[in-house]
Amino acid sequence: MGKKVILDVDTGTDDAIALMLAALSPDLELLGACSVGGNRALSYTTENTLRVLEYINSPATTYRGCEWPMVASLPKWRRPMLPFTSEHEEAKNVHTDYVPMPQATRKVGDKHAVTWLVDTLMASDGDVTIIPVGPQTNIGMALRMEPRIAEKIEQIVFMGGAHAVGNTTPTSEFNIWMDPEAAKIVADSGVKIVAVPVNATHAAYVTMDECDEIEALGTPAAIKAAEMIRQRIRGYMEWQPLDVPFAAPVHDPLAVCAVINPDVLKDVRHVFYDVDFSGGASDGQTIFDVCERYKHEAKNAYVALDADRELFVKMLKEILALEIK
Ligand code: RIB
Ligand code: CA
């Protein structure tokens, strides 16, 4: 059996592909998926997670998690874009309310995602990797509910954060911006952390031509992944065009690929990592101390500032070519 993983997702288009990689890869054992509010409201992200796993015949269960950030949305001035609706630029273009798969017939698991996370981790041998690719609310809540889970998590490999260039504010990336307090709890947890920020995911962009190559694989996962990446490319060209035309970052699958083969991450630094939850102009900023200004602070995270794009696309094609019969 492969490396045990749990995905925490706000299923949108890139989360959907991350889920398919985790479910299809022979190198991973997907123990379950936890939904969280983010790209869309929780009802959508939960339904989308159910749809994806059902569509590819994955046996993994979806557990419904937290709708709202721990505290960030309480003062209205602090998160004016919430509740997150399709009016927001990214939501309108890069994601769709529902992923392009049939409505789910499956139901969510019988526990809240936070309870399931705590129960599963406490019963484990300490060999579980958590892959959060949305706001980290569920993980932060689980760490507050039962701090001892920190000794039971092998590593947290998250998609999120930005070093110098944000995608939601000038200094913050969406997943961290949505729930900075949760991200701070994770940062301080003592668990081994690998951060996959937009610096890496933007380096690992996928092109329209590569969508055609992926679609030509002909499997259900490949055909849907190509459709969703094309959606992302169209959305990014309207919202935040890359320097490369007809291309878009596909953030979340890179975190899954990093667990399968760490070589897909480049320029990985071991740093002191912190999160700004001050509510000020840089609220939600991830601080990766690459210049070691805080010499007295312990280095608590590995951060990838680049990625091997060719290896990433190769891994996408290899895994999306698989099926669960
Ligand atoms: O900033 C990119 C991240 O925010 C991705 O995980 C995307 O799915 C959204 O959650
Ligand atoms: Ca996501």
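Values for this structure:
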item	result
Ranked list, fewest to most other Cβ atoms within 10 Å of each Cβ, for CYS211, CYS257	CYS211, CYS257
Cross-link partners of LYS184 among aspartates and glutamates (Cα-Cα below 18 Å; sequence separation of 8 or more within a chain)	ASP8, GLU146, GLU151, GLU173, ASP274, ASP276, ASP283, ASP289, GLU297
Amide H within-cut-off set for VAL250, under 5 Å, with H built and near neighbours excluded	VAL206
Flagged links, alpha-carbon separation over 22 Å, of LYS111/LYS152; LYS3/LYS299; LYS3/LYS111; LYS76/LYS111; LYS4/LYS192; LYS107/LYS314	LYS3/LYS299; LYS3/LYS111; LYS76/LYS111; LYS107/LYS314
³J(HN,Hα) computed for each position of region 317-323 - Karplus, 6.51 cos²θ - 1.76 cosθ + 1.60, integer Hz, glycine/proline x	5, 4, 7, 6, 6, 8, 9
Amide H partners (placed H, <5 Å) of THR171, local residues excluded	GLY166
The chain - mean residue ellipticity at 222 nm from DSSP helices (-39,500 (n - 2.57) per run, n ≥ 4, rounded to 500)	-10500 deg cm²/dmol
With eigenvalues of the C-alpha gyration tensor scaled by 5 and rooted, region 89-177, Å	27, 21, 11
Cα-based convex hull, region 19-141, per residue volume (Å³, whole number)	111
Karplus-derived 3J(HN,Hα), 6.51/-1.76/1.60, for each residue of region 292-307, Hz, glycine and proline x	6, 5, 9, 5, 7, 8, 5, 7, 10, 7, 9, 10, 9, 9, 7, 8
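Read-outs: derived from the displayed coordinates by stated rules, not from any lab. Only a predicted model underlies this, so the values are computations on that prediction, with no experimental measurement involved. Counting neighbours? That spans all protein chains shown, and the Cβs are built from the backbone with ideal geometry, glycine included.
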